[in-house]
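The values are calculated or read from the model by the stated rules, or taken from the named source; none is laboratory data. Just so you know, these numbers come straight off a predicted model, no measurement behind them. Neighbour counts run over all protein chains shown; Cβ positions are idealised from the backbone, glycine included.
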Amino acid sequence: MKIIEVGTGYTSIPASMGAATEIVVEELSKVFEKDNINYEIFDIKDENRIKTNLKIKEVNVPKIFRKKDTTLGIMHKLKRVVYSLSLAKALRNEIKSSIEEISIHFHNQYNMFFFLKTTSKKLRQKVKIYYTVHSYIWSNTWEDIQSTIRKKYFQEVYSVRNADKIFVLNKTTIKHFVEHLNINSEKIVLIDNGVNIDIYKPQYEKNDKITFFHSGSVCDRKNQMECVQRLSNYMKNDKNIEFLYAGGIIEQEYKQCIDNFVNENGLQQQVTYLGELSPGEEIGKYYRNSKAFIFPSKQESFGMVILEAMASGLPVIMNNKSILDILGKLKDVILFYEDQKSFNDIIENKILNETERMKIATLSRQIVEQEYSWDTVAHRYEIEMSKMIKEY
């Protein structure tokens, strides 16, 4: 069996920016490489690709579409279409020339939709097709998302209906697929995301500040403003407390709202926007320099940054209103708040109390090591893919 991991074309692999889906493809492939699994990544051509020993087949697209894409405008959509069509052609050529069983693992609705639409059913019968649902939209209630699904996610609906097996990141997605898309539950598998525990790890670094950290695209959905607002009185009363946040700016107006609040409350020296940081060592030092990670997102499929923070030995403070499934042992270590009072209680009794903070941090790291390393997660994918080939 050969596994083809499909890069989305958003940015090349290895990702030089915080692109969650590309990180998933990269980390799965690293484990396949280590386990001597026959695999290859199909990814967008990049003359400036970060050096890697991963097996990558480049898909050529016009140079205008090769630059790293940080916006979600018309060029972003056009790039997805152009890359997806070129990708589909490359995959068809691979299927025709291969003498072994092939499993194609898609991670993006554009990529799979155009492959399905431009590839004959006869040729598709020669491969097994898998699709991992990374879209955060499915974590909301059906009443709130059905209109958006119809207008913007019809490609994803088509993809999951035609996949041989679907991997999802939360139970809510399964519920929607079964109840509203009439998909057989037997072809849906829940597999969590993972984290590289060798890159993200506890390592004491001297920091005279009491630092709170957040990483994620700067937009209303990620809700960085709430971090600043919740911490504002603490920062006003103690100049030693600071909040740092990193990520690409998706909504410029939202970023301006944060800046306005910071200026109005005299917090310019304590609230710092770090810009877009590369995954791995660059962002890792900010995890290690922090006392806690604040996760106030309104909507997520599965927040990889939660695992990165926990692996780095940080307590995670999460908004209890966040639409995100928190399962298993994660419930035992994530600190949930509902309002300012409960947030204050966490800060004063769990974070600023170093003994309590270290208890949570140590347990967080242990849980990640046991259940969320990429070795563990990739092996789950391997097992599910092997099942399908045997059945085939």
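Of all residues in segment 179-224, those that are crowded, with 18+ Cβ neighbours inside 10 Å, over 29 Å from residue 129 (Cα atoms) and out of contact with any strand residue (DSSP E or B) (no Cβ under 9 Å at 6 or more places or on another chain) total 1. Take the residues in segment 335-386 that are in contact with a Pro (Cβ under 7 Å, 6 or more places away or on another chain) and of a type outside the set (Lys, Arg), then tell me which one is farthest from residue 29 (Cα to Cα). The residue in question is 351.
Do you know which residues across segment 339-392 are over 30 Å from residue 126 (Cβ atoms), of a type in the set (Lys, Arg) and either outside the structural domain of residue 242 (by TED's automatic domain parsing) or without any contact (Cβ under 8 Å) to a residue 12 or more places away in the chain (or both)?
Initially, segment 339-392 is screened for residues over 30 Å from residue 126 (Cβ atoms), giving 339-373, 375-376.
Applying the additional criterion that residues be of a type in the set (Lys, Arg) yields 341, 350, 357, 359, 365.
341, 359, listed by residue number.
If a residue has to be among the aliphatic types (A, V, I, L, M) and at pLDDT 95 or above to count, how many in segment 45-65 make the cut?
Here is the first cut: in segment 45-65, the ones among the aliphatic types (A, V, I, L, M) are 50, 54, 56, 59, 61, 64.
Okay, now just the ones that are also at pLDDT 95 or above, so 54, 56, 59.
Residues in segment 45-65 being among the aliphatic types (A, V, I, L, M) and at pLDDT 95 or above: 3 in total.
Going residue by residue through segment 215-228, is there one that turns out to be in contact with a Cys (Cβ under 8 Å, 6 or more places away or on another chain) and not basic (Lys, Arg)?
Taking segment 215-228 first, the residues in contact with a Cys (Cβ under 8 Å, 6 or more places away or on another chain) are 225.
The next check asks that each one be not basic (Lys, Arg); those that pass are 225.
Scanning segment 215-228, I find at least one residue that is in contact with a Cys (Cβ under 8 Å, 6 or more places away or on another chain) and not basic (Lys, Arg), so the answer is yes.
Criterion applied to 45, 30, 51, 79 was being loosely packed, with under 15 Cβ neighbours inside 10 Å and either in the same structural domain as residue 158 (by TED's automatic domain parsing) or acidic (Asp, Glu) (or both), and the one residue passing it is 51.
From the list 281, 253, 242, exactly one residue is surrounded by fewer than 17 Cβ atoms within 10 Å (Cβ to Cβ) and either over 21 Å from the mean Cα position of the chain (by Cα) or free of Cβ contacts under 8 Å to residues at least 12 places away in the same chain (or both). Which is it?
On the way: 281 fails: either over 21 Å from the mean Cα position of the chain (by Cα) or free of Cβ contacts under 8 Å to residues at least 12 places away in the same chain (or both); 242 fails: surrounded by fewer than 17 Cβ atoms within 10 Å (Cβ to Cβ).
Going through 281, 253, 242 in turn, the sole match is 253.
Name the residue that is farthest from the chain's Cα centre (by Cα), counting only residues in segment 81-103 that are closer than 17 Å to residue 58 by Cβ and in contact (Cβ under 8 Å) with a residue 40 or more places away in the chain. Among residues in segment 81-103 that are closer than 17 Å to residue 58 by Cβ and in contact (Cβ under 8 Å) with a residue 40 or more places away in the chain, the one farthest from the chain's Cα centre (by Cα) is 94.
Can you tell me which of 174, 199, 166 is aliphatic (A, V, I, L, M), outside the structural domain of residue 321 (by TED's automatic domain parsing) and within 21 Å of residue 110 (Cβ to Cβ)?
166
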